[in-house]
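Data block below; observations after.
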Amino acid sequence: MTAPTTSQHPPVTLHRVLSVRTRPKRPGPLAASLTHFWRAMRTFQHFPAQLIDIVVFPFIFLVVFTYLFGGAISGSTGDYLQNFVPGILVQTVVMMSVYTGTSLNGDITKGIHDRFRTLPFWQPATLVGNLLGDAVRYTIALTITLLLGLALGFRPDGVPGVLVAFLLMMFFAFAVSWIFTAMGVVASRPETVSTTSMMVMFPLVFASNIFVPTDSLPGWMEAFVKVNPISHVTTASRGLMHGNADAGDIALTLATSGALIAVSAPLAVYMYANKNKH
Amino acid sequence: MGVQSSIAIQASGLIKIFGGDRAVDGLDLTVPAGVVHGFLGPNGAGKTTTIRMLSTLLRPDGGTATVFGHDVVNEADAVRGRISLTGQFVSTDEQLTGVENLVLVARLLGHSWRDARARATELIEAFGLADAADRLVRNYSGGMRRRLDIAASIVATPDLLFLDEPTAGLDPHSRNQVWDIVRALVAADTTVLLTTQYLDEADQLADRITVIAKGRVIAEGTPGELKSSVGVGALNVRLKEPGQRPEAERLLARVLAVPIHLESDPAALSARISDPERVAHALAELTRSGVRLGDFALGQPSLDEVFLALTGHRQDAGTEAAEDGAGADVP
């Protein structure tokens, strides 16, 4: 496959690499977390096709809903897009948060988790590094989906509103991802995480105000949609992007996310640290 | 050199229960520093469970274990500072390249980025993976993955390395490469606890062997001692004429003075033997009586035979096999 090595230097022998007996000082939490973040970014670089998975769904939804149902729902496709794009952005990041759980579960079931556990670093760094990686992936997916929306005719009020809306959505997705992280720790296979979470996420995403205005729904459904946290993020994001933000919706989103984190983050970290200890 | 305590592993009465099943049931093990210690047993004997307890990944339900004098439960961090584990399932990230995997481990041990890259590069080269350094591990062959996995285990050279079935599923060439690595490790003063299902492998590498079954030690000794406890090996004979088998059986039984086993092949017989000289006599006797030999072979006892002998003896007559095998360690 390669030409015979004409080595200018003596070959590195097993004996030489084994004769190194000094150990470095154990890494700090930040260094360990950044190393895991580096791992996530490298994986992302090696598999850019991930990006296609990430944006293909929102793209299909955008096109299908806008041109098939948009006119019927809002009178014109242009009007529909103004409400729909913030919603599809929320859907994009919320769906992506499942990936946190499946990839963690893959690490655990495939054995690299055992390697990590015998290394002397601050163990939650694995989770922190993965979450930092998620933030990058969320940003990329949101940006691409937004560009698609703009191309189709979405016209937000201004850049600052869009940026704040992005932050709010990512914070919400970060909160939700802790649920899947906890699920990823206990599940026996990555597929279990993805199917279970989809069974929960699909109804939640569809029974929200992302796709249709709530006043067209029957009463019981409308009641559910109104308490669905995804509706609150969507309403808050629409407000932020169109310059008519409602402080109540934003506060409610922050409160829901905070509560989710307060409950599921310590639970996930605890379960991760005690995995297999029995 | 780097090993202060002369005992690497000291375990007594280790117990691990999964559900109602006693996976490890009162296991005792002593491994001196600086040797390869073979840890043999069939599937489900409790090898991996024991290793996971000794390497701090699993908490014992009973008994105690120390590694270089550190308790595996109360001083897990001190133990982790001295050991490495290459598990039965390859624990590298297949979505990274070979060199990235080693950089990852080096960083998590505390190396700077620059030192981590240097260490990763030299390890990749020493393990003969330089050509594949920048390829994704998921495109590696089984043997390459194994080598990378072992390389990841010695990014910081451990004083004790647990190798859990390192050659399972490898082709002979890759297996030899792994064996060379194990020999180099011991030459560099790393103690190795090697689990395997192959007596042959333990024979090649191990200074001493502990045989376990159903979570308990059933024998311990050098490879030679264990093998002599089950006889020299097996004689396999195939006749040209299947019709002559009854006669051959009678003659062999008389000269060898051991039970003769009739194989499913109607022309084949086998016997477990302890004295190779009698085999020579027996074969000569067959020829003299006009029994025509197709071929014959004198094989080393297989691990199956060792188990059969050990567990058989144990059931019939207490710990006789262990005494034969110079295994003073059996409770």
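Some notes on this structure:
- Exclusive hit being outside any helix (DSSP H, G or I), in contact (Cβ under 8 Å) with a residue 24 or more places away in the chain and more than 20 Å from the chain's Cα centre (by Cα), set A:F65, A:F121: A:F121
- Qualifying position, being among the small types (G, A, S), in contact with a strand residue (DSSP E or B) (Cβ under 7 Å, 6 or more places away or on another chain), more than 8 Å from chain A (Cβ to nearest Cβ) and farther than 18 Å from B:L193 by Cα, among B:G38, B:G46, B:G62, B:G98: B:G62
- Only a single criterion out of (1) buried (at least 16 other Cβ atoms within 10 Å of the Cβ); (2) within 14 Å of another protein chain (Cβ to nearest Cβ) is not satisfied by A:T77, namely (2).
- Cβ pairs under 8 Å, 6+ apart, first in the stretch B:192-206 and closer than 18 Å to B:L85 by Cβ, second of a type in the set (S, T, N, Q) and assigned to a helix (DSSP H, G or I): B:T195/B:T48
- Of all the listed residues (B:G38, B:G69), the sole one being surrounded by 22 or more Cβ atoms within 10 Å (Cβ to Cβ) and under 25 Å from B:D189 (Cβ atoms) is B:G38.
- Any hit, the stretch B:79-99, residues being touching a Pro at 6+ places or on another chain (Cβ under 6 Å) and hydrophobic (A, V, I, L, M, F, W, C): yes
- You will find that of B:T195, B:T210, B:T167, the residue that is part of a loop (DSSP other than H, G, I, E, B), assigned by TED's automatic domain parsing to the domain that holds B:S55, under 23 Å from B:L57 (Cβ atoms) and of a type outside the set (A, V, I, L, M) is B:T167 and no other.
- Filter pass, B:L54 being modelled with pLDDT of 90 or more, crowded, with 22+ Cβ neighbours inside 10 Å and out of contact with any strand residue (DSSP E or B) (no Cβ under 6 Å at 6 or more places or on another chain): no
- Residue check, B:A151 farther than 24 Å from B:K47 by Cβ and more than 7 Å from chain A (Cβ to nearest Cβ): no
- Residue in the stretch A:127-142 that is under 25 Å from B:R82 (Cβ atoms), away from chain B (no Cβ under 11 Å) and of a type outside the set (K, R) present: no
- Of the listed requirements (1) part of a helix (DSSP H, G or I); (2) surrounded by fewer than 22 Cβ atoms within 10 Å (Cβ to Cβ); (3) more than 8 Å from chain B (Cβ to nearest Cβ), A:F84 misses just one: (2).
- Scanning the stretch A:175-191 for residues that are of a type outside the set (A, V, I, L, M, F, W, C) and either buried (at least 22 other Cβ atoms within 10 Å of the Cβ) or modelled with pLDDT of 90 or more (or both) yields A:S177, A:T181, A:G184.
- Output for the stretch A:108-126, where each listed residue is among the polar types (S, T, N, Q) and within 7 Å of another protein chain (Cβ to nearest Cβ): A:T118
- Those strands (runs of 3 or more DSSP E) lying entirely in the stretch B:22-105 with at least 3 residues free of Cβ contacts under 8 Å to residues at least 60 places away in the same chain: B:62-67
- B:T157 meets each of the listed conditions (1) assigned to a loop (DSSP other than H, G, I, E, B); (2) more than 8 Å from chain A (Cβ to nearest Cβ) apart from (2).
- Of everything listed in (1) in contact with a strand residue (DSSP E or B) (Cβ under 9 Å, 6 or more places away or on another chain); (2) among the charged types (D, E, K, R); (3) within 30 Å of B:I7 (Cβ to Cβ), the single unmet condition for B:D180 is (1).
- Elements of type helices (runs of 4 or more DSSP H) in the stretch A:188-278, at least 2 residues being more than 30 Å from A:P160 (Cα to Cα): A:190-206, A:219-227, A:247-273
- Residue within the stretch B:237-245 that is modelled with pLDDT under 90 and not in a loop (DSSP other than H, G, I, E, B) present: no
- Some residue of the stretch A:69-87 being free of Cβ contacts under 8 Å to residues at least 12 places away in the same chain, in contact with a strand residue (DSSP E or B) (Cβ under 7 Å, 6 or more places away or on another chain) and not basic (K, R): no
- Only one of B:D149, B:D115, B:D200 that is buried (at least 20 other Cβ atoms within 10 Å of the Cβ), among the charged types (D, E, K, R) and either modelled with pLDDT of 90 or more or within 18 Å of B:F39 (Cβ to Cβ) (or both): B:D149
- Test: residue in the stretch B:75-88 that is more than 11 Å from chain A (Cβ to nearest Cβ) and either more than 25 Å from A:A273 (Cα to Cα) or at pLDDT 90 or above (or both): yes
- Against the test of being modelled with pLDDT under 70 and on the phi > 0 side of the Ramachandran plot, the options B:A257, B:A317, B:A326 yield a single qualifying residue, B:A326.
Conditions (1) crowded, with 19+ Cβ neighbours inside 10 Å; (2) more than 19 Å from A:L34 (Cα to Cα); (3) touching a Leu at 6+ places or on another chain (Cβ under 9 Å); (4) of a type in the set (D, E), marked per residue:
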{"residue": "A:D107", "(1), (2), (3), (4)": "yes, no, no, yes"}
{"residue": "A:R117", "(1), (2), (3), (4)": "yes, no, yes, no"}
{"residue": "A:A125", "(1), (2), (3), (4)": "yes, no, yes, no"}
{"residue": "A:N130", "(1), (2), (3), (4)": "yes, no, yes, no"}
{"residue": "A:R137", "(1), (2), (3), (4)": "yes, no, yes, no"}
{"residue": "A:T143", "(1), (2), (3), (4)": "no, yes, no, no"}
{"residue": "A:L150", "(1), (2), (3), (4)": "no, yes, no, no"}
{"residue": "A:G153", "(1), (2), (3), (4)": "no, yes, yes, no"}
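- Within the stretch A:31-41, tally of residues that are more than 9 Å from chain B (Cβ to nearest Cβ) and in contact with a Pro (Cβ under 9 Å, 6 or more places away or on another chain): 1
- Complete set of residues in the stretch A:16-30 that are in contact (Cβ under 8 Å) with a residue 12 or more places away in the chain and crowded, with 18+ Cβ neighbours inside 10 Å: A:P27
- When residues in the stretch A:42-54 are screened for being away from chain B (no Cβ under 11 Å) and surrounded by fewer than 18 Cβ atoms within 10 Å (Cβ to Cβ), 5 of them pass.
- Under the condition of being more than 18 Å from the chain's Cα centre (by Cα) and without any contact (Cβ under 8 Å) to a residue 12 or more places away in the chain, the residues counted in the stretch B:122-176 number 5.
- Counting only residues that are closer than 27 Å to B:D171 by Cβ and touching a Phe, Trp or Tyr at 6+ places or on another chain (Cβ under 6 Å), the stretch B:93-150 holds 1 of them.
For (1) modelled with pLDDT of 90 or more; (2) closer than 30 Å to B:L109 by Cβ; (3) over 18 Å from the mean Cα position of the chain (by Cα), each residue gets a yes or a no:
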| position | (1), (2), (3) |
| --- | --- |
| A:G75 | no, no, yes |
| A:P86 | yes, no, no |
| A:Y99 | no, yes, no |
| A:T109 | no, yes, yes |
| A:R115 | no, yes, yes |
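The values are calculated or read from the model by the stated rules, or taken from the named source; none is laboratory data. Just so we're clear, the structure is a prediction, and the values are computed from it rather than from any experiment. Here the Cβ is made from the backbone with ideal geometry for all residues, glycine too, and neighbour counts use every protein chain on show.
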